[in-house]
Amino acid sequence: MRSFLFAVSALAIVGLAFWAYRENYATQQSLRDVRALHEEIGAARTRLAVLNAEWAYLNRPDRLRDLVELNYDRLELLPLAPEAFGRVDQVAYPPKEIDFEAVTQAVEISSDGGTWP
């Protein structure tokens, strides 16, 4: 009986050692994946910073003003002025409630141009 317990204990230890070995390598792979993701995030942040800098450079007011002046004959763009903007109370908002009783005309919808049966 004692030898049976020793054999079962030895098998349990071997099994646990194998499990720990596999978990160790799985953990190391996960850590490598996390490092790679951090590097990708860093590279994406760097690209985003470059793109933001390029956007700011291209949208300088003096550059845009020069482009408008150069292309006025084709585009007929006008400089922005306060008079070009409206007020909020001038916006026509849709009615809050739709009167379904007022909708009286039916519309036929078909993909082949035919009519409904």
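The values are calculated or read from the model by the stated rules, or taken from the named source; none is laboratory data. All values reported here derive from a predicted model rather than from experimental measurement. Positions of Cβ are backbone-derived with ideal geometry, glycine not excepted, and every protein chain shown enters the neighbour counts.
Details
- Among the residues of region 51-70, those identified as assigned to a helix (DSSP H, G or I) and loosely packed, with under 10 Cβ neighbours inside 10 Å are Trp55, Ala56, Tyr57, Pro61, Asp62.
- Test result for Phe4, exposed (fewer than 10 other Cβ atoms within 10 Å of the Cβ) and part of a helix (DSSP H, G or I): yes
- Residue pairs whose Cβ atoms lie under 8 Å apart, separated by 6 or more positions or on different chains, with the first residue in region 66-93 and free of Cβ contacts under 8 Å to residues at least 24 places away in the same chain and the second surrounded by fewer than 10 Cβ atoms within 10 Å (Cβ to Cβ) and in a helix (DSSP H, G or I), are Leu78/Ala84.
- Index of the failed condition, Ala106 passing every other in (1) in a loop (DSSP other than H, G, I, E, B); (2) modelled with pLDDT of 70 or more: (2)
- Criterion: in a loop (DSSP other than H, G, I, E, B) and either out of contact with any helix residue (DSSP H, G or I) (no Cβ under 8 Å at 6 or more places or on another chain) or modelled with pLDDT under 70 (or both) - qualifying residue of Pro79, Pro94: Pro94
- Pairs linking a residue in region 20-38 that is in contact (Cβ under 8 Å) with a residue 60 or more places away in the chain to a residue that is of a type in the set (Lys, Arg), with Cβ atoms under 7 Å and 6 or more positions apart or on different chains, do not occur.
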